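In what follows, a single structure is set out as structure tokens and then discussed.
Just so it is clear, none of the values below were taken in a lab; they were calculated from the coordinates. Since this is a predicted model, take the numbers as computed values, not measurements. So basically every Cβ, Gly included, is an ideal-geometry build from the backbone, and we count neighbours across all protein chains shown.
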Amino acid sequence: MHGRVKVRTTEEKERIMRAEKQKKAREFKDCYLLAMKMRKAGELDDKLADITKKMLYHHPDVYTLWNVRREILLSDRLSSSEELLEKALEDELALTEACLRENPKSYCVWHQREWVIERIKEPNWKKELALCQKCLELDERNFHCWDYRRFVARKAELTPTDELNFTTNKIENNFSNYSSWHYRSKLLEQLHGNRLGDAANQQVYNNEIDLVMNATFTDPSDTSTWFYQRWLLNYWKTPPQLWCIKLHKNFITVVFHKQVSSSSLKLLFKDKQDDGCQWSWQSANGKMYSPIWFVDLGDLKPENLDNFIVEFEGKSYSTSDEKTLPDSRDVSKLEEQLSNYKELIELEPSNKWAKLTVAQLMLDLDENSNYSSIISILEELIQVDPLRSNYYKDMLSKCKVKHKLNSIISDPYGFDKDTAIDLSSLDLTTLGGCESYLTFCSKIDLQCNLLSNEVLYQLYCLQQCKSLNLSQNNLTSLKSFPILHNLENLVLYPNEITDLEASDILKKHATKKLVITGHSDEELTKNEMKK
Amino acid sequence: MYLVVSIYNFCYFLFQTYIMTEHLRISGMYWGLTALDITHNLHKIDKEEVLSFIKQCQHECGGIGASILHDPHLLHTLSAIQILCYYKALDTINVEKVVEYIKNRQKDDGSFEGDKWGEIDTRFSFCAIASLALLNRLNEVNIEKAVSFIKSCMNFDGGFGSKPGSESHAGLIYCCLGTLSITGHLHIVKADELGWWLAERQLPSGGLNGRPEKLPDVCYSWWVLASLKILGRLNWINTNKMINFILYCQDAETGGFSDRPGDMVDPFHTLFGLSALSLLGYTKADLKTINPTYCMPQYIMDEMNLKPDRLDLVEKTDHLKGWAGIEED
């Protein structure tokens with residue numbers, strides 16, 4: 001009952017209306033039964049076409065009736081005469097058009113039109129484009145019609161450039177047209193693949209950036225353009241993939257900056273001729289995608305790290321690699337954007353989109369030197385846009401963790417596993433995907449943060465951690481606390497955790513020498529709960 | 001209590017001459033019965049009547065139609081299977097044939113057609129994959145291709161549309177995430193971008209819309225919230241305002257829910273309002289926990305040992321024992 005207002009009526013009125021409705025429903029049912037009877041008897045004639053037509057005009061979503069009409073169109077009677085068939089198909093187009101006028105969002109009708117036009121010998125695609133044009137004038141967000149237009153454009157062999165011009169017109173008419181921006185992104189991908197950010201496409205890219213800037217400055221409160229802008233700006237980021245490779249005992253561990261699948265992950269030994277596919281990679285989280293993958297080499301353990309190469313997505317990595325060179329792309333466009341949007345913040349101090357854009361640009365340009373500005377903008381956003389305060393808080397947490405871990409992230413081979421990582425008192429609500437950087441740390445302090453039960457799963461990465469401090473967080477349950485095989489000292493209190501739950505954790509870690517501390521009654525924690 | 005009356009009346013109608021909605025009857029039954037189950041009232045419906053009706057809706061080809069004398073379609077096939085799971089009565093229908101029907105709907109590019117007439121939509125991918133998972137027969141179709149089709153529907157905003165090139169829409173995002181959740185491929189999603197887009201669906205009224213610049217609607221509470229839950233980012237919207245909006249959409253007279261405050265109620269919005277409240281952990285009503293992927297009560301999932309993935313789930317760390325020992329020497 002989308003958008004139907006509930007209206008109060010008198011009892012009398014209601015009774016009359018109900019009786020009328022019932023009468024119509026009975027008539028409909030009689031027609032439906034007759035149609036099904038004729039269909040079963042193979043009477044796919046004009047009479048059946050007529051009955052179904054009348055019913056569908058008012059009830060276009062009764063999908064079975066469209067199926068009956070398709071059967072009529074495919075029947076021997078019509079397929080034996082080209083003339084009759086063409087006429088019937090044209091009639092069907094007229095019926096769907098009439099139905100669409102009544103109900104422009106009916107899935108069944110749009111599909112019927114597509115099905116029919118594909119069977120017409122020489123379809124008039126111009127007419128179809130005109131129909132779309134008209135329909136989009138009435139409702140420029142009707143996604144059925146946009147889909148149909150894309151179908152027609154493909155059939156009529158319109159070029160992506162033609163269509164791009166079409167969206168430019170639409171956007172210039174009205175910036176607030178998300179459907180047009182969406183189509184534009186698709187067309188640009190068709191034209192340039194996913195290399196829109198490449199130097200070769202610099203001009204195209206800059207034009208888009210300018211178009212968006214024009215739109216955001218014209219109406220800064222319209223949401224559509226800001227999503228498009230985020231997409232464009234993301235092209236600047238070419239994040240490195242692999243973070244580090246470690247060899248220890250008989251395991252080789254590879255940690256990535258993001259979650260990847262092992263399908264294009266290979267291990268090659270320099271002194272052996274093989275394709276590197278015989279190793280079976282295991283993911284730390286037990287899933288098909290993971291930031292951490294390892295291989296058990298068994299007896300084949302190499303003497304040193306120089307003996308092997310890890311290949312990922314066709315690119316080779318070894319521990320002796322030089323660090324990734326900084327991006328050599330021209331950042332002047334990005335810097336120009338930053339100063340423009342800083343200006344927009346001055347003009348519109350309460351506009352959250354401009355603020356978020358500035359924070360995002362600063363993150364992309366130089367996360368570290370812009371750190372304090374980014375933090376203060378995100379803190380402002382929590383105030384300006386309270387509906388999404390948790391989104392900004394998670395973003396803040398991620399920035400803070402990354403900042404703290406900066407030396408580890410930039411030089412994974414330089415850090416000592418015994419370094420204590422201090423992430424305390426940062427108001428963290430999440431580790432934000434940075435937990436994999438803690439894979440090889442043995443001592444982690446997370447006390448005095450805002451971590452809740454929902455993010456405990458992130459700790460699964462801490463398999464080397466011996467000492468973990470979680471005191472003074474927002475924990476009330478440990479149900480999703482993972483087993484950490486090396487954990488010896490866990491500081492849990494104060495938190496709203498019952499002794500029972502804490503003892504469950506001890507049980508789960510049965511084989512280990514785990515001690516839970518921080519409880520006011522330390523002895524109870526150490527001794528009683530171990531039983 | 002009102003609520004129960006409303007759903008009950010609706011379910012009563014299911015078996016009466018409720019003609020004008022007959023083309024979506026089995027789906028309607030799924031909405032009503034799920035709502036009854038999560039409000040602890042499933043027992044009020046005559047199980048045998050439901051089962052015998054569903055049996056009559058299965059066709060020779062194996063597919064299930066919306067009602068008797070209505071053609072088979074994946075939409076209704078899924079609804080029927082979901083209902084049969086509630087009654088632990090999958091043997092009511094011919095399982096081999098329904099598997100065959102679903103299998104035949106997969107196209108070369110991995111997509112699924114809704115029925116033999118060829119309409120392609122990511123809704124049908126979800127229907128097919130969820131149905132087969134409930135029947136424990138996922139291996140019958142090409143999962144890799146099904147996933148790659150979903151991937152081809154991904155958009156600039158991280159969302160998904162109904163087919164390649166189509167605009168993102170919360171309902172279709174739910175279907176695509178559901179498919180990826182069941183098949184264990186959630187990480188192809190750009191979770192931060194999509195999570196942000198979904199969080200931006202919340203409007204000052206607290207309600208959620210399904211696309212930018214659109215009106216709020218209770219059914220999007222479900223599509224958006226279930227998606228955020230699957231992404232492990234349910235906290236990115238304001239829970240209290242959301243709950244209040246849903247409660248405003250409840251009709252004091254009948255107990256049912258409408259799309260927006262003051263509109264006509266229906267079982268579709270009633271189910272999605274209730275499910276959203278359950279997902280948000282609303283404790284003032286006694287609601288059973290709902291599973292975000294299947295929109296079915298969690299206890300049914302547990303009984304069937306089905307564990308659709310979420311980005312915030314790490315089930316096992318046992319296999320890490322040997323690897324974790326690397327620092328022991």
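Quick notes on this structure:
- Near the amide H of B:N291, within less than 5 Å, lie the amide hydrogens of B:M296, B:Q298, all on another chain or at least 5 residues away, with H placed in the peptide plane.
- The GluC sites (Glu not before Pro) of the range B:14-69 meeting both criteria, a DSSP state outside H, G, I, E and B (loop) and at most 12 other C-beta atoms within 10 angstrom of the site's C-beta, are B:E60.
- Peptide ranges B:86-92, A:194-200, A:394-400 listed from the most packed, as the mean C-beta count within 10 angstrom indicates: A:394-400, B:86-92, A:194-200
- Close amide H pairs (under 5 Å, H built 1.01 Å from N) link B:R260 with A:G3, B:V218, residues at least 5 positions away or on another chain.
- Taking a ≥ b ≥ c as the square roots of the eigenvalues of the alpha carbon gyration tensor, chain B is rounded, as a/c is under 1.5.
- Protection-proxy order for peptides A:34-44, B:237-247, each taking the mean of Cβ atoms within 10 Å per residue, highest first: B:237-247, A:34-44
- For the range A:19-123, the relative contact order is 23 percent, taking Cα pairs closer than 8 Å that sit 6 or more residues apart in sequence and dividing their mean separation by the residue count.
- Whole-number percent relative contact order across chain B, with pairs defined as alpha carbons under 8 Å at least 6 apart: 16
- Cα gyration tensor shape of the protein assembly as shown, rounded if a/c is under 1.5, else prolate or oblate by comparing a/b with b/c: prolate
- Using a simple spin-label model with pseudo-atoms 7 Å out from Cα toward Cβ, A:S425 and A:E379 lie 1.5 nm apart.
- Inter-probe distance in nm under a simple model that places probes 7 Å from Cα toward Cβ, at A:N250 and A:D411: 3.5
- Per residue, the convex hull spanned by the Cα atoms of the range A:242-317 measures out at 87 cubic angstrom.
- The mean count of C-beta atoms from other chains within 10 Å of the C-beta of residues in B:211-219, rounded to a whole number, is 4.
- Short-range pairs are left out: with C-alpha atoms under 8 Å and at least six residues apart, the relative contact order of the range A:149-263 is 18 percent.
- Counting only aspartates and glutamates at least 8 places from A:K466 when in the same chain, those with an alpha carbon closer than 16 Å to its own are A:D416, A:D418, A:D422, A:E435, A:D445, A:E488, B:E327, B:E328, B:D329.
- Evaluated with a Cβ-only charge set (Lys, Arg +1; Asp, Glu -1), the range A:242-317 carries a dipole of roughly 300 debye about its Cα centre, given to the nearest 20.
- Using distinct alpha-carbon pairs, which all enter the 1/r mean, Kirkwood radius of the range A:1-134 in Å: 16.7
- Cα convex hull of the range A:155-305, projected area averaged across orientations, nm²: 14.0
- Assigned charges on the beta-carbon of Lys, Arg, Asp, Glu; the protein assembly as shown dipole about Cα centre (debye): 1640
- Here the range A:35-51 is scanned for amide nitrogen atoms under 12 Å from the site 7 Å beyond the Cα of A:D91 along Cα-to-Cβ, giving A:45-51.
- Coupling constants for the range B:166-178 follow from the phi torsions by the Karplus curve (6.51 cos²θ - 1.76 cosθ + 1.60, θ = phi - 60°), and in residue order they are 7, 5, 5, 8, 4, x, 6, 4, 4, 4, 6, 5, x Hz; glycine and proline get x.
- Per-residue mean of C-beta atoms belonging to partner chains within 10 Å, peptide B:155-166: 6
- Rg of the Cα atoms in the range B:173-329, relative to 2.2 N^0.38 Å, amounts to 1.18.
- Amide hydrogen neighbours beyond the local backbone of A:F308, cut-off 5 Å, H modeled: A:K270
- With 5 Å bins from 0: P(r) over the range B:209-248, alpha-carbon pairs, percent: 6, 23, 31, 29, 11, 1
- HN-Hα J in Hz across the range B:211-221 - Karplus 6.51, -1.76, 1.60, θ = phi - 60°, x for Gly and Pro: 8, x, 6, 10, 7, x, 7, 4, 5, 6, 3
- Legend: mean number of C-beta atoms from other chains within 10 angstrom of residue C-beta atoms, peptide A:147-158, equals 1.
- Sparse-neighbourhood loop sites, GluC sites (Glu not before Pro) in the range A:138-236 - DSSP loop, at most 13 other Cβ within 10 angstrom: A:E157
- With both labels modelled 7 Å from their Cα along Cα-to-Cβ, the A:I120 to A:E367 distance reads 5.5 nm.
- Across the range B:294-299, computed HN-Hα scalar couplings (Karplus, 6.51 cos²θ - 1.76 cosθ + 1.60, θ = phi - 60°) run 9, 6, 10, x, 4, 4 Hz from first to last residue, x flagging Gly and Pro.
- In chain A, helices alone account for a calculated mean residue ellipticity at 222 nm of -15000 deg cm²/dmol, with every DSSP H run of four or more residues adding -39,500 (n - 2.57).
- Span from the the range B:107-177 Cα centroid across to the the range B:252-329 one, whole angstrom: 21
- Taking N as its residue count, the alpha carbon Rg of the range A:324-436 over 2.2 N^0.38 Å: 1.19
- Charge dipole of the range A:384-459 (Cα centre as origin; +1 on each Lys and Arg Cβ, -1 on each Asp and Glu Cβ, all else neutral): 140 debye, rounded to the nearest 20.
- Long hydrophobic helices in chain A: the complete DSSP H runs spanning 27 Å or more by Cα along their own axis with mean Kyte-Doolittle hydropathy of at least -1.0 are A:82-102.
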